[in-house]
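The values are calculated or read from the model by the stated rules, or taken from the named source; none is laboratory data. Just so it is clear, the model here is predicted, and its values are computed rather than measured. Backbone-built Cβ (ideal geometry, glycine too); neighbour counts: all protein chains shown.
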Amino acid sequence: MLPTTNKTRIEGGPIGGALMGGIGLVMTGLGAMSVYFVVREHPEPHGSWVSFVFVLIGAWLLYASWSMYRQRARIGQLTLRLADLQPRAGGRLRGLIEFDRAPIDHEYELLLICERHYSRGKNQHTDRLWEKELRIAPASNRIAFEFHPSADAPVSESPGNGACEWHLVLKSASIQTPVYFKIVLYPAVEADRQDVVVSIGEGGDTPRPSDIPPHIAVLERGMNRLRIDFSPWRNAHAAGVLLLVGTCFAGIAGFLFSQDGGAVLLMGCIFGPVSVAALYFGLRFLWQPCSVEIEHGKLKVRHAHLFGAADDGCTTAEIDRLFATVGYSTARTGFEQAYYKLNVVTRQGRRIDVGNGIPSSWVAESLLAQMHEVVGDSARVVPLENVAKNVKLLAATASKEA
């Protein structure tokens with residue numbers, strides 16, 4: 001059953017700003033009260049540290065909420081107008097995003113994504129099923145766009161646990177918190193079924209050819225030669241999270257080991273190894289240089305980290321497929337930021353990691369296209385749009401390797 005049809009005008013905004021601010025206010029207030037009463041009853045310093053954690057979390061949520069509203073005041077209201085109020089899988093999805101004031105940036109990233117959200121008690125999980133990204137320069141106070149969802153793309157479902165939802169997501173250098181526009185995608189009509197193609201907006205609103213951002217990778221291109229040097233700091237966000245968790249858990253473990261009692265020591269034995277694992281992987285993610293070189297009919301890959309390095313590769317004649325998958329994702333102020341991983345599969349079924357930690361599907365597809373030009377038509381590029389299919393392809397390859 002499909003949800004309500006698309007509106008003529010859809011206003012966009014960050015997800016969860018007011019809710020985040022409300023929760024932050026409550027947590028800060030309760031945490032401050034707890035600290036006050038705990039310190040009054042137990043003056044020793046170790047009695048209030050748990051309550052103080054709630055104050056810090058609440059303060060961070062308040063700051064994130066304030067950042068969302070400050071962004072809204074800076075960029076103004078954004079409105080989506082669809083050319084067809086019933087866009088279908090296998091057809092065209094065209095429209096305009098209108099600014100109520102002059103756009104600040106010269107280029108914007110516009111994603112069309114489909115996600116399935118699961119919730120069971122306190123556990124929440126999101127699967128990204130379909131994605132396509134355009135990079136578009138604004139004309140006047142608007143951005144024109146055109147997507148071609150594949151005919152086999154999942155369609156919108158009524159809200160509920162595990163339902164498919166489609167969004168247009170706008171990002172740029174000045175948009176710290178992505179702006180969401182929820183839309184409804186209808187099932188394909190047989191006459192609309194077609195191959196996936198990459199299309200652009202009309203008029204002056206065309207995606208501009210952009211260089212690969214140097215904070216992700218640096219390319220050297222020659223005659224039948226390609227070298228990609230990925231930034232060693234591209235996974236710094238994930239590393240920071242792991243190091244923060246590891247440090248906090250190490251502090252908790254140290255506090256528990258300083259107390260008396262078997263149950264307390266048992267909890268310390270749990271927090272201790274977890275903190276060590278988090279710190280280890282955090283340090284591995286912190287500095288991860290990776291180089292990919294294709295030359296003289298050979299693919300050479302070198303991965304390094306603080307604890308060592310590993311080489312891999314094959315001949316270009318052995319390469320069967322190149323494709324991207326979501327390596328991992330992080331929830332950042334209401335947005336599920338995906339980081340992509342590039343894969344090469346040989347004709348013998350062996351998988352080679354040729355890059356990871358890429359925060360943009362557009363960059364991931366651009367890098368795959370560069371590799372394909374050098375490797376040649378003997379290999380094929382699997383489109384990134386249908387993320388779920390690429391995950392299944394990766395799982396099938398892993399089972400063959402096993």
message: Report every pair of residues separated by at least 6 positions or lying on different chains whose Cβ atoms are under 7 Å apart, first residue within the stretch 340-367 and over 18 Å from residue 293 (Cβ atoms), second polar (S, T, N, Q) and surrounded by 24 or more Cβ atoms within 10 Å (Cβ to Cβ).
response: 357/235
field: The listed residue being closer than 22 Å to residue 235 by Cα, at pLDDT below 90 and hydroxyl-bearing (Ser, Thr, Tyr), out of 333, 397
entry: 333
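Just checking: which of the strands (runs of 3 or more DSSP E) contained wholly in the stretch 291-402 hold 2 or more residues that are within 22 Å of residue 229 (Cα to Cα) and of a type in the set (A, V, I, L, M)?
298-305, 308-315, 319-332, 335-346
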message: Could you go through the stretch 1-21 and let me know if any residue there is within 30 Å of residue 251 (Cα to Cα) and at pLDDT below 85.
response: yes
statement: If we take the stretch 81-178, then strands (runs of 3 or more DSSP E) inside it with 1 or more residues that are of a type in the set (D, E, K, R) and under 25 Å from residue 339 (Cβ atoms) are 108-120, 123-136, 164-171
Where a residue in the stretch 125-142 is free of Cβ contacts under 8 Å to residues at least 12 places away in the same chain and its partner, wherever it lies, is part of a strand (DSSP E or B), with Cβ under 9 Å and at least six apart: 125/116; 125/117; 125/118; 125/119; 140/99
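Matching residues to (1) surrounded by 13 or more Cβ atoms within 10 Å (Cβ to Cβ); (2) at pLDDT 70 or above; (3) of a type in the set (D, E, K, R):
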| position | (1), (2), (3) |
| --- | --- |
| 45 | no, no, no |
| 54 | yes, no, no |
| 66 | yes, yes, no |
| 72 | yes, yes, yes |
| 79 | yes, yes, no |
| 82 | yes, yes, no |
- prompt: Just wondering, is there one or more residues in the stretch 263-275 that are within 26 Å of the chain's Cα centre (by Cα) and either within 28 Å of residue 339 (Cβ to Cβ) or among the β-branched types (Val, Ile, Thr) (or both)?
  reply: yes
- request: Just one of (1) buried (at least 19 other Cβ atoms within 10 Å of the Cβ); (2) at pLDDT 90 or above trips up residue 188, so point out which.
  value: (2)
query: So which of 349, 357 is surrounded by 13 or more Cβ atoms within 10 Å (Cβ to Cβ), modelled with pLDDT of 90 or more and within 22 Å of the chain's Cα centre (by Cα)?
result: 357
task: Test residue 98 against the criterion of being of a type in the set (Asp, Glu) and either more than 19 Å from residue 132 (Cα to Cα) or in contact with a His (Cβ under 9 Å, 6 or more places away or on another chain) (or both), and give yes or no.
output: yes
- request: Check residue 251 against each of (1) within 26 Å of the chain's Cα centre (by Cα); (2) surrounded by 13 or more Cβ atoms within 10 Å (Cβ to Cβ) and name the one condition it does not meet.
  value: (1)
Count of residues meeting criterion [surrounded by 16 or more Cβ atoms within 10 Å (Cβ to Cβ), modelled with pLDDT of 70 or more and over 25 Å from residue 387 (Cα atoms)] in the stretch 196-226: 1
